[in-house]
Amino acid sequence: MKFDCTGVILAGGKNSRLPGEKKAFRKIGDEMILETIYELFSSLFKEVIIVVNEPEEFAGWDMTVVTDIIPSKCALAGLHAGLFYASYPYAYVTACDTPFVNRSIVEYMVGSIESGYEVIIPRTDDGLETLSAVYSKDCIPLIEKSLENNIFMIKKFFRKKKVKEIPVDKLKLLDPMMQFIFNVNTPKDLEKAKIMANQQDHK
């Protein structure tokens, strides 16, 4: 059974630290990172949206392709577009460079949706993981206000009482190595991801 929730993939990054091919199209093993995320999302969610800068490059994918409404080419603007176009009240949002998106984590996060909360977010050893989180469409006006004020850090729009944090110990039960937050920003990250994937295949 699929969740009444939208899966949103943010793929509008500048790629500045990993020049060449778009991060979403990089392969880890036999699959592009985007394929891995898409396959999981399309099995979990009734709707999948990808937010991009060049929509023509994503033609042929069976998902809704959208671009920023407020073009500031930042993750916050991508989040805004994803929520704006989402058909469901909540969206699970991830970046296109996270090759180890974890089904158990996503299911747990979406299962933790509760009325009264605008954000359901993992708390990791490094802080809040804003690009592996659930957001309500109620966040849209708050995000618009941030963008108007040139405040681009995602967590700056959070209203503390409306944020539900998932503690790190709970997350580690589902993903002991916390690989779901690993993202590919540099050539070194890409090599590391390939090694990690290889280790998973040989378990």
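The figures follow:
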{"item": "Projected area averaged over orientations for segment 40-134, convex hull of C-alpha atoms, nm²", "result": "6.8 nm²"}
{"item": "Rounded to 5, the percent of DSSP beta bridges in the chain classed as antiparallel", "result": "35 percent"}
{"item": "Positive-pole candidate from Asn150, Leu174, Gly111, dipole of the chain, charges at beta carbon", "result": "Asn150"}
{"item": "Per-residue [θ]222 nm for the chain (sum of -39500 (n - 2.57) over DSSP H runs n ≥ 4, rounded to 500)", "result": "-9500 deg cm²/dmol"}
{"item": "Mean separation of Cα contacts under 8 Å (6+ apart) over length of segment 1-136, as relative contact order %", "result": "28 percent"}
{"item": "Kyte-Doolittle mean at least 1.6 and Cα axial length at least 30 Å: DSSP H helices in the chain", "result": "none"}
{"item": "Carbon and sulfur %, accessible surface of segment 1-150 computed with the full protein complex present, 1.4 Å", "result": "47 percent"}
{"item": "Cα-projected label distance for Arg123 with Glu57, points at 7 Å along beta-carbon direction, nm", "result": "3.7 nm"}
{"item": "Lys155 versus Ile70: modelled label distance in nm, points set 7 Å from Cα along the beta carbon direction", "result": "2.0 nm"}
{"item": "Debye, to nearest 20: dipole size of segment 110-203, +1 on Lys, Arg Cβ, -1 on Asp, Glu Cβ", "result": "220 debye"}
{"item": "Under-5 Å amide H pairs with Phe3, H placed in peptide plane, nonlocal only", "result": "Phe45, Lys46"}
{"item": "Prolate/oblate/rounded call for segment 139-203, Cα gyration tensor, a/c under 1.5 rounded", "result": "oblate"}
{"item": "For the chain, fraction of C-alpha pairs farther apart than 26 Å, in %", "result": "29 percent"}
{"item": "Three-way shape call for segment 94-203 based on the alpha-carbon gyration tensor, with the a/c threshold at 1.5", "result": "oblate"}
{"item": "Long-range amide H partners of Asp68 with built H, under 5 Å", "result": "Val52"}
{"item": "Shape call, segment 34-89: gyration tensor on alpha carbons, a/c limit 1.5", "result": "oblate"}
{"item": "Neighbour net charge for Val168 - beta-carbon separation under 13 angstrom, K R +1, D E -1", "result": "-3"}
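The values are calculated or read from the model by the stated rules, or taken from the named source; none is laboratory data. None of these values were measured; they are calculated from a predicted model. So basically every Cβ, Gly included, is an ideal-geometry build from the backbone, and we count neighbours across all protein chains shown. These accessible areas exclude ligands, DNA and RNA; they are computed on the full protein's heavy atoms, side chains included. Shrake-Rupley method; radii C 1.70, N 1.55, O 1.52, S 1.80 Å.
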